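What follows is a set of notes on a single structure, which appears directly below.
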Amino acid sequence: MSNYANSRRRWRRRYAVVGAAALLGAGVGLGAIAMPRSPHAVATQGVIVVDSADTYVSQNRPRRNFGTRATLYADAHPERAILVHFDVPALDRTMGAVTLRLYVVGGGDQGLDVYETSQWDESSVTWGSAPAAGSLLASDGGVSPGAWAEIALPADVVTAGASLDLRIETGDTQAVALSSREGGNAPQLVLETIAEPPTPTPTPTP
């Protein structure tokens, strides 16, 4: 090998060592350094959808509407159920993980059960007119007051450009209280969407 080639190799090794040492000295871990993306990498993006309607219904007040309340209640006795409506935007990406986020004001030990349900009207729905619980989508084993409860939902329950109606119940006789839109911490859907990278354009050979 020529002296010129050996000199270039020694220069490259010396440059790499000095560069890495400088980054570590500046407090940047090597794992945080942005590396070139693989042409086959999959890009993910989080989309937060805030609910557009929410309320609760109460068995012992079957004709009462609670559509403007700041707090939503789920309870086993007297039975109360929470209704939440989302309008999912049109997305040009594949749906990945779906997480329901609920801000807990007060809670019992048995957590929440989340069901799919049909449409309802926030300003008029009551216990007597509320849609029944449909398929069970998820259960949360316990909630902590003063924090967000995060419940994973099946990805296929959400359709881009469509609506999603949920009914939330509990088996606990101690009411679970959640914040509504009016309460300042509205229920949310966090959608992890996936986009395949575009097919790379071949580089012409000179």
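Quick look at the values:
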{"read-out": "Accessible area of T99 in the full protein assembly, 1.4 Å probe (Å², nearest 10)", "value": "40 Å²"}
{"read-out": "Theoretical FRET efficiency, 1/(1+(r/R0)^6), r = Cβ-Cβ of Q45 and A133, R0 30 Å, to 0.05", "value": "0.40"}
{"read-out": "Residues whose placed amide H lies under 5 Å from that of A160, excluding near-sequence neighbours", "value": "none"}
{"read-out": "Net charge over other residues, Cβ less than 14 angstrom from the Cβ of F86 (K, R count +1; D, E count -1)", "value": "-3"}
{"read-out": "Prolate/oblate/rounded call for the stretch 71-206, Cα gyration tensor, a/c under 1.5 rounded", "value": "prolate"}
{"read-out": "Accessible surface of L136 - all protein chains present, 1.4 Å probe, nearest 10 Å²", "value": "100 Å²"}
{"read-out": "Two-decimal Rg/Rh across the stretch 83-140, once Rg and the Kirkwood Rh are taken from alpha-carbon atoms", "value": "1.00"}
{"read-out": "Hydrodynamic radius by Kirkwood, which averages 1/r over all alpha carbon pairs of the stretch 149-193, in angstrom", "value": "13.0 Å"}
{"read-out": "Gain upon complete extension [A76, S118; 0.36 nm per residue less C-alpha separation]", "value": "13.0 nm"}
{"read-out": "With all protein chains modelled, accessible area of Y103 [1.4 Å, Å²]", "value": "60 Å²"}
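The values are calculated or read from the model by the stated rules, or taken from the named source; none is laboratory data. Computed from a predicted structure; not experimentally measured. Heads up, the Cβs are rebuilt from the backbone with ideal geometry, glycines too, and the neighbour counts pull from every protein chain shown. Please note that ligands, DNA and RNA were not included when accessible areas were found on the heavy atoms of the full protein model with its side chains. Shrake-Rupley method; radii C 1.70, N 1.55, O 1.52, S 1.80 Å.
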